[in-house]
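Right, one structure below, let's go through it.
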Amino acid sequence: MNREITCIVCPNGCTLNIDFEKNGDGKTSVTSVRGNLCPRGRDYAVQEMESPMRTIASSVLVTGGELPLASVRTNAPIPKERIFDVMKEVRKVTVAAPVSAGDVIIKDVLGLGADIIATKDVMATLV
């Protein structure tokens, strides 16, 4: 089988032509990659076809803050098929202000090796 994707690793935006096959267990194996101008394009194609990873961004509730939400993201990519599981965990979280960008909100979420970190400061309300 063949698939065409655009590489997003560098500004070149190479069009990658990927030949692959499905194994008996349903997993994908890349047999060849064409169109990449650098070795990173091949690595990206293999990773995207065999084990796609994504970073995610969302927000968590904040109590006692000048804003009701703080933006968060993963600090490392997670398997694409686990995005909804991770989002369930993020939705469970409420943090107390103050929150600082870089604060770890969930350490090693679901054992995937990625932390959920704050990306925005939320100051506490003055009472």
Residues of region 80-107 satisfying the condition of being under 26 Å from E50 (Cα atoms), surrounded by 12 or more Cβ atoms within 10 Å (Cβ to Cβ) and of a type in the set (D, E, K, R): K80, R82, D85, E89
Could you list, in sequence order, all residues of region 48-62 that are closer than 28 Å to C7 by Cβ, among the small types (G, A, S) and either touching a Ser or Thr at 6+ places or on another chain (Cβ under 8 Å) or free of Cβ contacts under 8 Å to residues at least 24 places away in the same chain (or both)? A57, S58
Spans of strands (runs of 3 or more DSSP E) in region 1-105 with at least 2 residues under 20 Å from the mean Cα position of the chain (by Cα) and not hydrophobic (A, V, I, L, M, F, W, C): 57-63, 69-74
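Yes or no, residue by residue, for (1) in the same structural domain as S100 (by TED's automatic domain parsing); (2) aromatic (F, W, Y); (3) in contact with a Ser or Thr (Cβ under 7 Å, 6 or more places away or on another chain):
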| site | (1), (2), (3) |
| --- | --- |
| V9 | no, no, no |
| G13 | no, no, yes |
| I18 | no, no, no |
| G24 | no, no, no |
| K27 | no, no, no |
| C38 | no, no, no |
| V46 | no, no, no |
| G64 | yes, no, yes |
Look through R82, R73 and report the one residue that is basic (K, R), under 15 Å from I117 (Cβ atoms) and touching a residue at least 12 places away in the same chain (Cβ under 8 Å). R73
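The values are calculated or read from the model by the stated rules, or taken from the named source; none is laboratory data. None of the values given here were measured: they were computed from a predicted structure. Cβ coordinates were reconstructed from backbone atoms using ideal geometry, including for glycine residues, and neighbour counts include every protein chain displayed.
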